1. I'd like the full set of residues that are surrounded by 13 or more Cβ atoms within 10 Å (Cβ to Cβ) and outside any helix (DSSP H, G or I), limited to the range 7-24.
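The values are calculated or read from the model by the stated rules, or taken from the named source; none is laboratory data. Note that the coordinates shown come from a computational prediction; the quantities given were computed from them, not determined experimentally. In this analysis, Cβ positions are derived from the backbone assuming ideal geometry, glycine residues included, and neighbour counts consider all displayed protein chains.
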Amino acid sequence: MRREATKVIEDILREGMESGKLRDISPRIPAMMLIESCLMVLFPGALEGDGEKPDEIKNTVIDVVINGISKK
């Protein structure tokens, strides 16, 4: 399941790169990061205990994913 999801996201990222909306980098790692980030957003309790609140974790993950792959 995860492999198929990674492939779908890679294809979407590739389209964005080809259109010039995203930076031209290998899409595999950002695709895997996005999947893992989604899991962190869905299950923020997995990281609790280090002082961060679930909403803080969720918001930071979303910000890093979106702003980390967007073309500046």
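1. Matches in the range 7-24: LEU22, ARG23.
Yes or no, residue by residue, for (1) in a helix (DSSP H, G or I); (2) at pLDDT 80 or above; (3) surrounded by fewer than 11 Cβ atoms within 10 Å (Cβ to Cβ):
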site	(1), (2), (3)
SER26	no, yes, no
ALA31	yes, yes, no
LEU39	yes, no, no
GLY45	yes, no, yes
GLY51	no, no, yes
ASN59	yes, no, no
ILE62	yes, no, no
LYS72	no, no, yes
